[in-house]
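A.B. asks: Attaching a single structure in structure tokens format; questions to follow.
The values are calculated or read from the model by the stated rules, or taken from the named source; none is laboratory data. These numbers were taken from a predicted model, which means no experiment stands behind them. Don't worry about glycine lacking a Cβ; one is built from the backbone with ideal geometry, like all the others, and counts go over all protein chains shown.
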Amino acid sequence: MTTAQNRRLPPFARELAEILHWPNSWPKFAGTSPSGRRLTLNIAAGADAWECARALRAARWLAIVAPPGEPPSRLDWRSLAGHDPVLIHATGEFDGEALHALVFAVFRDGVSRIITIRQDRVGDRYIAQRRAA
């Protein structure tokens, strides 16, 4: 089992963390709430993840990449915590097992709500169930 200290960040996560550190910069991004207090964060996943991320970022959306073929459990998704819900764009070939692995990895790292969006524009909502200590 990998620990948070030895998991690497997904592509664009460092840039995202820098943006999240400066809330005054948020209004220039798409998906910012009218109050300026919330951002919509996106994960591009699946076979076409890189193309999806480029398109989202070109439209000023904040997006990071779940690299195709890399187990999501090996990545550090903590930069997304506190910005619920996170949108996962499932692109190209992306089976249900891979999607669930990504959802669980993102939940593990502190996100409580996720919405998935497939190419057919159908999606699912996931809500983390935290266990009492």
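A.B. asks: Return the residues of the stretch 80-133 that are of a type in the set (D, E), touching a Lys or Arg at 6+ places or on another chain (Cβ under 6 Å) and loosely packed, with under 14 Cβ neighbours inside 10 Å; say none if nothing qualifies.
C.D. replies: Of everything in the stretch 80-133, nothing turns out to be of a type in the set (D, E), touching a Lys or Arg at 6+ places or on another chain (Cβ under 6 Å) and loosely packed, with under 14 Cβ neighbours inside 10 Å.
A.B. asks: Might you check whether a residue that is on the phi < 0 side of the Ramachandran plot, at pLDDT below 95, among the β-branched types (V, I, T) and under 13 Å from the mean Cα position of the chain (by Cα) occurs anywhere in the stretch 33-40?
C.D. replies: Yes, that holds for at least one residue.
A.B. asks: Test R14 against the criterion of being charged (D, E, K, R), touching a Phe, Trp or Tyr at 6+ places or on another chain (Cβ under 8 Å) and at pLDDT 95 or above, and give yes or no.
C.D. replies: Spelling it out, it is not the case that R14 is charged (D, E, K, R), touching a Phe, Trp or Tyr at 6+ places or on another chain (Cβ under 8 Å) and at pLDDT 95 or above.
A.B. asks: Give all pairs with beta carbons closer than 8 Å in which a residue from the stretch 102-122 that is small (G, A, S) meets a residue that is surrounded by 20 or more Cβ atoms within 10 Å (Cβ to Cβ) and assigned to a strand (DSSP E or B); count only pairs at least 6 apart in sequence or on separate chains.
C.D. replies: The qualifying pairs are A105/L75.
A.B. asks: To continue, here is another question. If we scan the stretch 45-52, do we find a residue that is within 30 Å of Q5 (Cβ to Cβ), out of contact with any helix residue (DSSP H, G or I) (no Cβ under 9 Å at 6 or more places or on another chain) and crowded, with 19+ Cβ neighbours inside 10 Å?
C.D. replies: yes
A.B. asks: Can you confirm whether G96 is within 29 Å of N6 (Cβ to Cβ) and without any contact (Cβ under 8 Å) to a residue 12 or more places away in the chain?
C.D. replies: Against the criterion (within 29 Å of N6 (Cβ to Cβ) and without any contact (Cβ under 8 Å) to a residue 12 or more places away in the chain), G96 qualifies.
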